[in-house]
1. Once you place label points 7 Å from the Cα toward the Cβ at residue 7 and residue 132, how far apart are they in nm?
2. So what's the back-of-envelope 222 nm ellipticity for the chain, counting only DSSP H runs of four-plus at -39500 (n - 2.57) apiece and dividing by all residues, rounded to 500?
3. Please list, in order along the stretch 119-131, the HN-Hα scalar couplings obtained from phi with the Karplus expression 6.51 cos²θ - 1.76 cosθ + 1.60 (θ = phi - 60°), rounded to whole Hz, x for Gly and Pro.
4. So who's got an amide H within less than 5 Å of the one on residue 29, skipping anything under 5 residues away but keeping other chains? H placed 1.01 Å off N, in plane.
5. Please work out the Kirkwood hydrodynamic radius for the chain, using every pair of different C-alpha atoms, and report it in angstroms with one decimal place.
6. Take every Cα pair under 8 Å in the stretch 5-144 that's 6+ residues apart, average their separations, divide by the length, and report that relative contact order as a whole percent.
7. Among 96, 50, 31, whose mean-square fluctuation peaks in a Gaussian network model of the chain (Cα, cutoff 10 Å)?
8. Take the chain, connect every pair of alpha-carbon atoms lying under 10 Å apart with a spring to form a Gaussian network, then pick out the residue of 100, 72, 124 with the largest mean-square fluctuation.
Amino acid sequence: MEHHSILRVVSKLLIPPILLYALYVQFHGEYGPGGGFQAGVIFAVAFILYALVFGVEAMTDIVPPRLLRIFAALGVLIFAGTGVVTMLLGDAYLGYNALAANPVHAQEWGIIVVEIGVGMTVAAVMMAIFVAFASHNPPIKDEDW
């Protein structure tokens, strides 16, 4: 695969802007189109592009399957934990008004935290699905549990 030097150089130039755009979509999602799901997919695309050009093994060296499982679970915990915190503060599940004195700021903070959790989960799951289909060894083995 060494003869694809142009593809390698171009992909190395494209991956940082893709990741930056994912962050833009993540944090601009409450004000316009975008949010955690879209940002998670875009973020995963950068790593999938890397895997397509440099190989799945190179990607799993950077982001091991175990780390993908941790990020997927952590994202779900952030989402669900935000709802639990709002309940412990006396509001409904995901009742963001309990997060700050000003309801507008409470909504902003609640949505940002939830969208970060969604983005983490979506990115990790998309990469794990890609690795599972693209490699001969699935990322989750029975002995890993």
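Read-outs: derived from the displayed coordinates by stated rules, not from any lab. Since we're looking at a predicted model, the values are computed, not measured. Note: ideal-geometry Cβ built from the backbone for every residue, glycine included; neighbour counts use all protein chains shown.
1. Taking the two extended label points, one gets 2.6 nm.
2. Rounded to the nearest 500, the figure is -25500 deg cm²/dmol.
3. Running phi through 6.51 cos²θ - 1.76 cosθ + 1.60 with θ = phi - 60° gives x, 4, 5, 5, 4, 5, 5, 4, 5, 5, 5, 4, 4 Hz.
4. Those lying under 5 Å, H to H, from residue 29 are 35.
5. 16.6 Å
6. 28 percent
7. Its mean-square fluctuation being the largest, the pick is 31.
8. Comparing 100, 72, 124 in a Gaussian network model of the chain, the most mobile one is 100.
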